[in-house]
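J.: Okay, here's the structure, questions in a sec.
The values are calculated or read from the model by the stated rules, or taken from the named source; none is laboratory data. Just so it is clear, the structure is predicted and the values come from calculations on it, not from any experiment. Cβ coordinates were reconstructed from backbone atoms using ideal geometry, including for glycine residues, and neighbour counts include every protein chain displayed. Only protein heavy atoms, including side chains, enter the accessible area calculation; ligands, DNA and RNA are left aside. Shrake-Rupley method; radii C 1.70, N 1.55, O 1.52, S 1.80 Å.
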Amino acid sequence: MPERVRQCRLGILLLCVLATPAWPEESCEALPWAGEAAAGQLEAIPAGIGGELAGGGVVGRLTTRREQVFDLTDPTQDNALFRLANGLHVLTREQTIREQLPFLLEGEDFVPLELVEAERVLRSVDWLYDARVVPVRRCGERVDLAVVTRDVWTILPTVSFDRSGGESSWSLGIEDENLVGRGETLGFLFTEDVDRSGYGAYFFDPAVAGSAWRLNLDAADNDDGHRLNLHLRHPFRSLDERRSLGLRLTVDERIQPLFDAGDRVVEFRQQLHSGELQFAGSTGRVNGHVRRWEAGLAWWDYRFDRAPGPLQPAELPDDRSAAYPFVGFETIEDDFVPIPNLALIGRPQDVHLGRRLSGRIGLSPDTPGADDGRVIFEAAWRDAIRPRESIILSGAVSVSGAVTTSDGEAENVFATAATELHHLQTDSWRFYAALDATWARGLTEDVQLQLGGDLGLRGYPQRYQQGDRRLRLRLEERWYASGEPLRLFRWGAAAFIDAGRAWFPDDPDDEENGWLANAGIGLRLMPTRLPTSGMIHIDLAAPLRTGGRDVDDLQVSVTLRSSF
């Protein structure tokens with residue numbers, strides 16, 4: 001065909017296409033909360049509202065509304081300091097938000113439960129204060145979604161002081177938990193605590209080169225040794241994801257102390273080298289349940305030597321090592337409910353009301369060079385119910401440890417049973433109770449089950465009691481304030497009673513080894529413009545038995561916790 005004729009025919013075809021009237025657009029309807037999402041009014045949108053929309057259709061357009069640290073449209077926040085903070089802060093990138101939500105893809109089936117899960121995923125990262133994922137428009141089969149988030153200030157000096165059980169720890173450093181808006185963490189610090197002091201650095205990348213892989217690196221050079229951890233993994237990023245891979249390597253060399261009544265009584269040098277290669281698959285979400293299986297290879301090697309100083313052990317712990325294949329499983333019931341004023345102040349906490357069961361078992365053979373063969377195991381079960389709107393009751397059981405194949409003896413076996421109760425009395429008042437019991441068998445010389453200070457019983461010194469069984473009770477009446485002083489933090493308070501004991505069965509019931517209890521009051525401060533991984537606890541606790549060694553009439557503790 002001559003070239004001129006071909007050009008003419010192509011031109012006529014193009015004119016026909018241009019002249020053809022466009023198909024009429026599908027009728028679209030705005031959905032509730034679309035206006036609030038467009039305005040970035042995150043806290044005005046109920047958490048988990050997307051899960052109430054009927055299913056069907058496909059995901060349409062996915063947009064992000066990323067709010068700065070301070071809302072300058074609010075006159076109470078529009079000042080020179082907050083404007084400067086916003087100006088210096090690098091807003092989280094849209095791609096960073098999307099990398100957290102690989103299961104919300106345009107054109108995929110629309111599943112309302114995935115919107116609730118997306119909020120949980122975003123609330124779990126420290127560089128966001130809170131998040132909402134909202135259906136904003138339906139056009140036929142397409143459902144458009146908006147992801148609304150608010151950043152926190154993430155580059156800052158880190159100054160931490162922790163005093164609990166009469167012992168002080170502190171650290172000084174600098175970190176950025178959202179490096180140039182990419183969700184990466186980079187930090188450097190100096191730390192001094194009851195066990196050691198030294199310098200450290202850490203890095204976390206949640207999406208290596210934009211992929212599904214995550215990388216954790218941390219290293220420390222301490223006065224008693226050094227530590228290096230590497231963890232590269234492709235995790236289950238959602239309940240519906242089908243595979244996971246992981247590689248972990250650890251080198252940790254330190255001087256390990258043992259304690260009696262809160263005092264160091266023994267010190268020795270400990271070297272740990274360990275690693276794990278893990279593969280896992282999943283059925284995804286099927287009828288509200290997720291089933292996963294795993295297999296892999298793991299190894300660890302403990303070596304002990306004498307440390308300089310007067311606190312010499314009569315005998316060193318025995319060296320031990322294991323290298324073994326393992327298999328495991330996990331089942332998760334998809335039943336999460338966001339509830340404010342629980343573990344957090346003024347923010348929703350994603351409470352799992354479903355069942356979770358997991359287990360793993362491995363066999364380390366008694367090969368030449370190994371100290372013994374072992375069956376290594378761990379298992380855990382947890383469930384929760386909400387018999388009334390105001391009551392949340394949960395229970396958990398776990399067991400872990402090993403059994404040597406040469407003689408069938410237990411080695412560092414721990415079994416724990418625990419229960420928690422939340423009574424939601426009003427929006428501002430909550431009663432909390434927790435009871436847990438731990439039983440241990442075959443403890444090696446380098447392992448202790450301890451109680452006191454931040455391990456329970458806030459009115460007593462750190463590591464005050466030791467044993468092979470432990471019982472702890474915690475009762476708290478909690479108050480959550482509604483304000484946000486200076487637009488920088490939320491606050492609350494608690495009155496509490498702790499009771500418990502750690503003991504060996506042949507211990508006499510004396511002043512140090514008997515049942516202990518304390519009562520106290522505490523203040524809680526939760527930053528709202530800084531990374532959300534911590535809440536400041538300031539507690540005053542008075543022991544109800546003060547006859548033991550080094551027990552003061554009043555213990556003052558300042559600690560950083562992850563929850564109320």
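J.: How large is the accessible surface per residue of the chain, computed with a 1.4 Å probe and reported in Å² as a whole number?
T.: With all protein chains present, the chain gives 49 Å² per residue.
J.: So how do 331, 250, 405 rank on accessible area, 1.4 Å probe, biggest first, that is with the largest at the start?
T.: 405, 331, 250
J.: With labels modelled as points extended 7 Å from the Cα through the Cβ direction, what inter-label distance (nm, one decimal) is found for residue 545 paired with residue 88?
T.: Computed distance between label sites residue 545 and residue 88 equals 5.2 nm.
J.: Principal axes first, then extents: for the Cα atoms of the chain, list largest minus smallest coordinate on each axis, whole Å, largest first.
T.: 101, 62, 47 Å, listed from the longest principal axis down.
J.: Given the options 115, 189, 398, identify the residue whose Cα lies farthest towards the positive end of the charge dipole of the chain (+1 on Cβ of Lys, Arg; -1 on Cβ of Asp, Glu).
T.: Most positive-ward Cα: 115.
J.: Taking the simple approach of a point 7 Å from Cα along Cα-to-Cβ for both residue 314 and residue 279, what is their distance in nm?
T.: Reported label-point gap for residue 314 and residue 279 is 4.9 nm.
J.: Taking amide H positions as placed 1.01 Å from N in the peptide plane, with prolines and chain starts having none, which residues 5 or more places from residue 469, or on another chain, fall under 5 Å of its amide H?
T.: Excluding prolines and chain starts, which carry no amide H, the hits are 440, 503.
J.: Here's a follow-up. Got a sec? Charge dipole of the chain, +1 on Cβ for Lys and Arg, -1 for Asp and Glu; which of 447, 135, 457 is way out at the positive end?
T.: Toward the positive end, the furthest listed residue is 135.
J.: If I require 18 Å or longer along the helix axis, counting alpha carbons, and a Kyte-Doolittle average no lower than -0.5, what helices from the chain are left? Use full DSSP H segments.
T.: 3-19
J.: Could you go through the stretch 345-355 in sequence order and give the Karplus-derived ³J(HN,Hα) for each residue, using 6.51 cos²θ - 1.76 cosθ + 1.60 with θ = phi - 60°, rounded to whole Hz, and x for Gly and Pro?
T.: Along the stretch 345-355, the couplings run 9, x, 10, x, 10, 7, 8, 8, 9, x, 8 Hz.
J.: When the Karplus curve 6.51 cos²θ - 1.76 cosθ + 1.60 is applied with θ = phi - 60°, which whole-Hz ³J(HN,Hα) does each residue of the stretch 550-559 get, with x for Gly and Pro?
T.: 3J(HN,Hα) across the stretch 550-559, in whole Hz: 6, 9, 7, 5, 8, 9, 10, 10, 10, 9.
J.: Taking the alpha-carbon centroid of each part, what is the distance from the stretch 312-334 to the stretch 209-283 in angstrom?
T.: 13 Å
J.: Note down the net charge around residue 387, summing +1 for each Lys or Arg and -1 for each Asp or Glu among other residues with Cβ under 15 Å from its Cβ.
T.: For residues surrounding residue 387, the net value is -2.
J.: With θ set to phi - 60°, apply the Karplus curve 6.51 cos²θ - 1.76 cosθ + 1.60 along the stretch 39-56 and write out the HN-Hα couplings as whole Hz, x wherever there is a Gly or Pro.
T.: Ordered by residue, 3J(HN,Hα) equals 8, x, 7, 4, 6, 7, 9, x, 5, x, 5, x, x, 8, 7, 4, x, x Hz.
J.: A follow-up question, please. Quick check: net charge around residue 373, other residues with Cβ under 13 Å of its Cβ, Lys/Arg +1 and Asp/Glu -1?
T.: Here the count lands on -4.
J.: Give the residue list of GluC sites (Glu not before Pro) in the stretch 345-445 that are DSSP loop and have at most 16 other beta-carbon atoms within 10 angstrom.
T.: Loop-located and lightly packed - 389, 409, 445.
J.: For residue 326, what is the net charge nearby, where nearby means another residue's Cβ is under 10 Å from its Cβ and Lys, Arg count +1, Asp, Glu -1?
T.: -2
J.: Pairs of alpha-carbon atoms within less than 8 angstrom and 6+ residues apart define the contacts here; what relative contact order does the chain have, in percent?
T.: 9 percent
J.: In addition: Treating only the Cβ atoms of Lys and Arg (+1) and Asp and Glu (-1) as charged, compute the dipole magnitude of the chain about its Cα centre; round to the nearest 20 debye. Mind dumping the intermediate values first?
T.: Working: 60 positive and 87 negative charges, 451 e Å.
I would put it at about 2160 debye.
J.: Using a 1.4 angstrom probe on heavy atoms only, work out the carbon and sulfur share of the accessible area of the chain in %.
T.: 59 percent
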